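A quick write-up on the structure given underneath.
The values are calculated or read from the model by the stated rules, or taken from the named source; none is laboratory data. Quick caveat: nothing in here was measured; it's all calculated off a predicted structure. Every residue, glycine as well, gets a Cβ built from its backbone with ideal geometry; the counts of neighbours run over all protein chains shown.
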Amino acid sequence: MPRVAARHNTGGSRPQNRPPRMGGGYRRSHSPHSHRGRHYSSSSHGNPVCCCLVAIPICVIAFVIAGLALIFSSNDRVERIAQYNEYATEWERDFKLPFMNASFQINSAPALVNKVTGPYFPVFDSCVKDSEEGHCMTSESISYYSPLTLTGQDSVSVDIRGADGVPIWQETGVTGYYLIYSRSEMNCDPYEDDSESNSCYRKCVNRGGEYDDYTQECKIAYSLVRICLRVDGANNTFVPDTAHSSRFSVVDHGCYYSGDYKTFVYARQYKIPDIISVEIRHYADPVISASETTRGCSDFYAYGDSSHSCFGMKKSTQIVLGICFLIAAVIIVVAVIAIIIGGAKCIKGMTSKQSPASVPLATAVPIAQPAQPAQPAQPAPSVQMPYQNNSVYAPPQSSVPIAQPYQGPQIPTAQPAQPAQPQMYYAPPVYGTGL
């Protein structure tokens, strides 16, 4: 949990932060986790294909869950409108006129009466003009107020009294304070570059805070923006309202749901206003009733003149939105299946075009060896016989092989054409008697 720290009202309008540092440099080199920095990791940027494969099913599941939740979840819009109308009827019937005739003193000054109404006031929802799921009553709000100066003050005191000077409520509060978050509470890295989203400096600045490099802490300022007391009573006899605590979500006697019904209301902003308003409202006032039944939505549009659906969306709108989520999920699934089927067909077609089995057998040519051009056959060398007489000498049997008749080159079948090679033949010598 963040700790609370005192704050001085110096009149500043914005946090005092140093300029952002770029490039890491000294800070990253001194980080105990610098070796894990993403600038030093080649795999820091994920594969886009893998990211898509992971993101698509997650999106589909999220859309389906959101769609089913919207379709089958309960819708309390009608009940909340009915509850507000009940409170507004009570106000108009029992409390509006008596409270209008009351009088108060705020810090010894007479309080001023303030009456507010408007086309969508105070619920800021279309139910004021649309009766499809219940029509909202329009009511006039009545409150008492007095300006309070905060300039240069670290704390202020409020003293509210009745018309006869009888004290009703006194309280002192600070004009501002800090919530201080440690690095672990922010879940950040103080050694990251200031431009990175995980940087402690960047997270602190984005929240509107002041970052301290030395303590590695972030100070977020809160300023007093209004004071409102909820009262109960009649006939100029009023007390802080505690009897109707069960009517509100928080046990206190402030006026606004968004401020947890605290009398001193603070907002997350650095600038402390110079002047705020101290208000007194009856517990049945329509502004308080609208704040409770709209769960604080109406608190942010106190003087607007348009609808902001503060009672929530209509059941019919909720169902239509749920169906849209389911349709989106179906479209994503169909698109992915179509892409997969189309890709498979494309790959199959490319593979079949490149496969040897697709070539006809009659035209198939072995490709193991490139075909060589045929060489013309060389004529066999002729054997010249020496001059012989009619007497023939029969040579003795010898182991020397006898030349065979030339048969010509043999062409093997079912083999690639090979160049014809010349064959050499050996002629044995002729033995005879000399004359």
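Key figures
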{"read-out": "Flag if residue 245 is farther than 23 Å from residue 270 by Cα, free of Cβ contacts under 8 Å to residues at least 60 places away in the same chain and surrounded by 14 or more Cβ atoms within 10 Å (Cβ to Cβ)", "value": "yes"}
{"read-out": "Which numbered condition residue 184 fails, given (1) within 28 Å of residue 225 (Cβ to Cβ); (2) in a helix (DSSP H, G or I)", "value": "(1)"}
{"read-out": "Odd one out for residue 318 among (1) at pLDDT below 85; (2) assigned by TED's automatic domain parsing to the domain that holds residue 161; (3) under 28 Å from the mean Cα position of the chain (by Cα)", "value": "(2)"}
{"read-out": "Single residue of 165, 134, 118 found to be in the same structural domain as residue 266 (by TED's automatic domain parsing) and touching a Phe, Trp or Tyr at 6+ places or on another chain (Cβ under 8 Å)", "value": "118"}
{"read-out": "Residue within region 218-225 that is at pLDDT below 95 and in contact with a helix residue (DSSP H, G or I) (Cβ under 6 Å, 6 or more places away or on another chain) present", "value": "no"}
{"read-out": "Within region 258-287, considering residues that are polar (S, T, N, Q) and in contact with a strand residue (DSSP E or B) (Cβ under 7 Å, 6 or more places away or on another chain), the one farthest from residue 148 (Cα to Cα)", "value": "269"}
{"read-out": "Residue check, residue 155 free of Cβ contacts under 8 Å to residues at least 24 places away in the same chain, within 30 Å of residue 2 (Cβ to Cβ) and under 44 Å from the mean Cα position of the chain (by Cα)", "value": "yes"}
{"read-out": "Filtered residues of region 49-75 (kept if more than 17 Å from the chain's Cα centre (by Cα) and surrounded by 13 or more Cβ atoms within 10 Å (Cβ to Cβ))", "value": "64, 67, 68, 70, 71, 75"}
{"read-out": "Residue within region 30-39 that is exposed (fewer than 15 other Cβ atoms within 10 Å of the Cβ) and either over 30 Å from residue 201 (Cβ atoms) or modelled with pLDDT of 70 or more (or both) present", "value": "no"}
